[in-house]
Amino acid sequence: MGAAMEPGTKLAVPELTGAEIVIRCLQEEGVECVFGYPGGAVLFIYDELFKQDKVRHVLVRHEQGAAHAADGYSRASDRVGVCLVTSGPGVTNAVTGIATAYMDSIPMVIISGQVPTHAIGLDAFQECDTVGITRPCVKHNFLVKDVRDLAATMKKAFHIATTGRPGPVLVDIPKDVTTHTCRFEYPATVGMRSYNPTVKGHPGQIKKAVQLLLEAKRPMVYTGGGVILSDASAPLARLVRTLGYPCTNTLMGLGGYPATDRQFLGMLGMHGTYEANMAMQHCDVLLAIGARFDDRVIGNPKHFGEVQRRIIHVDIDPSSISKRVKVDIPIVGNVREVLEEMNRQFDGQAGKGDQKALAAWWTQIEAWRAKDCLRYDRSSKVIKPQFVIEKLYEVTKGEAFVTSDVGQHQMWAAQFYKFDRPRRWINSGGLGTMGFGLPAAMGAQFANPGATVACVTGESSIQMCLQELSTCKQYRLPIKIVNLNNRYMGMVRQWQEFFHGNRYAESYMDALPDFVKLAEGYGHRGTLVERPEDVEPALRDAFARKSELVFLDFVTDQTENVFPMVPGGKGITEMILAEEL
Amino acid sequence: MNAPTSPPGASPYALPAAPAGAMRHIISILLENESGALSRVAGLFSARGYNIESLTVAPTEDASLSRMTIVTVGSDDVIEQITKQLNKLIEVVKVVDLSEAPHIERELMLIKVRATGKDREEMKRMADIFRGRILDVTETTYTIELTGTGSKLDAFLEALDKTAILETVRTGASGIARGERVLRA
C-alpha cells in the first residue's frame, strides 16, 4: 500500500509519489507547456513542477484563462493542451473553458486537484463534485482513488483526448493520492475494449462517393473543423483542385482550404457569403467533410430539405452523421485518411465528370458572387470595423494567428481576413464564449514563439478575461489586441434592431474603461484610433513592435451590422443583404 | 429556435407527448463496471431529452462488466441517435436494440395487497391465475411476487381492485435475444 514516505528513507526499488508521477507522465507525453493556477489540493504537484524544468508552467490570473489558453495552444499547433487547476472553485472557474473545448472537439487534458479521498462527500473545504459537474462537457473524466492507477489513467486520458473525435479529458486527483507512493511504470500502449474509434473509411462507401461525385451536375464541397483537426488541408486542396468543384468552409473550418483560391466561395451559414449559401442550397451533390450540419449553417431544416440533393458525409463521429440532415452516403473515418483514399481513387479521373454542366454551374456561381455581398460604405468618416480587418489582413500579409472573441467582430474577422492556412483562425464556434480571445492568443503565442498573434475583440468581450493582460506582461507576450469598440454589445444590438423593434435592452456598454490607460496600467502600450486615415498607420506601428503587447482601441461605427444575415428560423437563401436596408 | 415546448401549466418535468411514429424499444447495453458509468448513461438521456421508461443494471458473469437494459420510446431517427450517442460513451462496450429481432423480456414486481375476509380467497386465485407466488402472509395482507413481460404486470394491476393495492415495486424490464445471438464484449 502506498503510504507517505518519511524523508531520508532509502528503498531498494524506487517509488514515486503521485505528484511525481503526474509530472513524469506529462514528460513522457512530451508536454512542454502547462497552463494553471495553484491551490491547496494541487500543492504537491506544484512542488514537483518547481523541481524540474522539462515541463514549463504558465501562471494565468483566472482558471478560465488557463482552460482557454490550453485550448488556444492546441488549436494553433497539433498538440494537446494541458491545464492544471485546484479543486472546488478552480474547477468551476475552468468549466466554461472546458465546455468551449468540448463543443469544438479540441484535444485537451485537464488535471484538477480534489480534496483527500477520506474527505470526499463530506462538504470539505474547496470540495466540489468535479466528475459530476464536468461529465456533460468533457469527452471523458476520471477520479483517481488509488495512486497505483494514476499512470495508466494519465495514459488513457491522453489517448482518449487525441483519438477518434478529439475532446477534453479531465483527471481528478485527490490530494492524498499525490502523496502516496508506488512504483512508476508508464505504459507503452493502452488498450480499451470499450473504445476503438474507426479510422479507415469503408472502401465500398468511398467508391460509391467517388462515383456520385463524378455524376454531379452542380456539386459543392462543404468542409468544417474536422479538416483542421485531422490536418487534412493538403489532401482536401488536391481533391478540390482535381475536380474543379466549388468549396466552402464553416466558421470552424476557415483556413482548411485557401481563402484566396478562386474555387473558394467564402464562409457559409448565418453570416456566410451570398454565393456560398446559394450554392449550398442549389447544389445537387453535396460532399460534407468534417462538418456537422450545424443550425448556424443550414438555417431552417425544412427549407434546406426542400431541394433534392444527394449528400456524402465524411466524419469521424458516427453520431454526427444523419443527426440533423439525412445523408445518402455516410463515411465514418478519419477525414485525412478518407480524403487520401478518395484522391487515390480519383487519380486519372480528372476531367471525367460532366464538364459542360460544371461550367454552367460556375457561371451561375459567378453571377451570385457578382452581388458583392460583403461590400460596405468606404466613404464613411467614421471607422468601419470591416475596414480595420481588411487593413489587419494587409499589414500581417494574411499570415498571422488570429484569435477572436464572440460577436460582430468575430463575424467580420471571419469574413474579411482571408485564411490560406489551417490553425491560423482560432475562435470559439460551438459554444461562442466571450472572453476566449485573449487567453487563447496567449496559448497560440506559446505554441508558436516568435509568430505574429492578433486578438480581434470587442469592448464587451475583452472585459471578460481582461486580467490575463497581467499574464501577457509576465511572459512578455507581444500579442496585438485589435479592439473594435462600438460601445455596444454589437451582435445583441443587431438582433434587437432587426427583431425586437430597436429596443436595445442592456446592450449598451456603459462606463467603459479608458483602454489605453488600462493597457498602460498593466505595463503594455495602448493606442486610441478614432479616424479612418489613422487605422493603417496604427496597425503598421503596432505590428512592427515585436516585443511589446499593443492594445489598439478602434472607435468604430455604432450602426454597422453584419451582412449577409440568415435570420433565425429562415432558410439559407432568405438572407438579409446590406443593400436592402 | 424551434424547440418543442410543454403546454402552459404543465409540470416542467413533463415530456411533450411522443410524436407520431414513436415506438417502444428495449435497448441492452454492455458497459465497464466502473463507478459513474450509470450516471453517465442517465446523464446522457436527460441532457439530450431522450425518454427513459425504465432502467435496470447489474453486473454480468464477468464482474468487470455490467449489463444495463433501458426501455425507451422514440421514432426510428431518435433511436438511431440514442444508439450512436451511447456508443460514443467511453465505458460502453456494446449496444444492442433488442426490439429489432425476436427477444425475451422479463420484469419482476413485488406487490403488497389487502387480503381480508372473503377477498383472501379471491386474491390467492388471482395470484395463481397470473402464476405469481405469495411470499409473505399476514392477517390482512399478502405480498405477491410476479414475473413476466411489462404488459402482463400491467394486466395484473388492472385486474385487481384499485383499493386493494397497498404498494408496488417494479424492477423495470430486462431483455435477452432469442436463439444463438449473444451480447458479449
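If only the Cβ of Lys and Arg carry +1 and only the Cβ of Asp and Glu carry -1, the dipole of the protein assembly as shown around its Cα centre is close to 1440 debye. Under 1.5 on a/c is rounded, so check that first for segment A:244-364, then, if it is not, pick prolate when a/b is larger than b/c and oblate when it is not; a ≥ b ≥ c are the square roots of the alpha carbon gyration tensor eigenvalues. In terms of gyration-tensor shape, rounded. Contact order for chain A, expressed relative to its length and based on alpha carbon pairs under 8 Å spaced 6+ residues apart, stands at 14 percent.
The Cβ shell under 10 Å around residue B:147 holds other residues with a net charge of +2, Lys and Arg each +1, Asp and Glu each -1.
Take peptide A:563-571, look around each residue's Cβ out to 10 angstrom, count Cβ atoms belonging to other protein chains, and average those counts.
On the way: counts 0, 0, 0, 0, 1, 2, 2, 1, 0.
Partner Cβ neighbours, averaged per residue: 1.
Scoring A:259-268, A:48-57, A:124-133, A:452-461 by mean Cβ neighbours within 10 Å over their residues and listing the highest first yields A:452-461, A:259-268, A:124-133, A:48-57. Looking at the square roots a ≥ b ≥ c of the eigenvalues of the Cα gyration tensor of segment A:40-195, which shape do they give, rounded for a/c under 1.5, prolate if a/b is larger than b/c, or oblate? Rounded, since a/c falls under 1.5.
The mean number of partner chain beta-carbon atoms within 10 angstrom of a residue's beta-carbon across peptide B:44-52 is 1.
Under 12 Å of direct C-alpha separation, and excluding same-chain neighbours fewer than eight residues apart, residue A:473 reaches these aspartates and glutamates: A:520, A:548. The relative contact order of segment A:484-581, computed from alpha carbon pairs under 8 Å that lie at least 6 residues apart in sequence, is 27 percent. Considering only A:214, A:57, A:110, the residue lying farthest towards the positive end of the dipole of segment A:57-214 is A:214, judged by Cα position with unit charges set on Cβ. Pairs of Cα atoms under 8 Å, at least six residues apart: use those to get the relative contact order of segment A:386-438, whole percent. About 45 percent, as a whole number. Using the Cα gyration tensor of chain A, with a ≥ b ≥ c the square roots of its eigenvalues, what is the shape: rounded (a/c below 1.5), prolate (a/b larger than b/c) or oblate (neither)? Since a/c reaches 1.5 but b/c is at least a/b, the shape of chain A is classed as oblate. In a simple Cβ point-charge model (Lys, Arg +1; Asp, Glu -1; nothing else charged), segment A:274-417 has a dipole of about 420 debye relative to its Cα centre.
Give me the net charge for the shell around residue B:21: Cβ to Cβ below 13 angstrom, other residues only, Lys and Arg +1, Asp and Glu -1.
Numbers: positive: B:24; negative: B:76, B:77, B:80.
Its environment carries a net charge of -2.
Taking R0 as 25 Å, what FRET efficiency do you get between residue B:76 and residue A:306 from their Cβ-Cβ distance, rounded to the nearest 0.05? Spell out each step's value before the answer.
On the way: r = 22 Å, r/R0 = 0.88.
Efficiency, rounded to the nearest 0.05: 0.70.
Mean per-residue shielding of peptide B:89-101 is 2, counting Cβ atoms of other chains within 10 Å of each Cβ.
Anything over 29 Å Cα to Cα? Flag those among A:480/B:88; B:118/B:152; A:352/A:570; A:326/B:88; A:397/A:570, in the order listed.
Working: A:480/B:88 40 Å; B:118/B:152 25 Å; A:352/A:570 37 Å; A:326/B:88 20 Å; A:397/A:570 37 Å.
Where the Cα-Cα span goes over 29 Å, the pairs concerned are A:480/B:88; A:352/A:570; A:397/A:570.
Against the main long axis of the alpha-carbon atoms of chain A, helix A:437-447 sits at an angle near 70°.
The numbers here are math on the coordinates, done by the rules we state, and not lab data. These figures come from a predicted structure and were not determined experimentally. For neighbour counting, all protein chains shown are included, and Cβ atoms are generated from backbone atoms with ideal geometry for every residue, glycine included.
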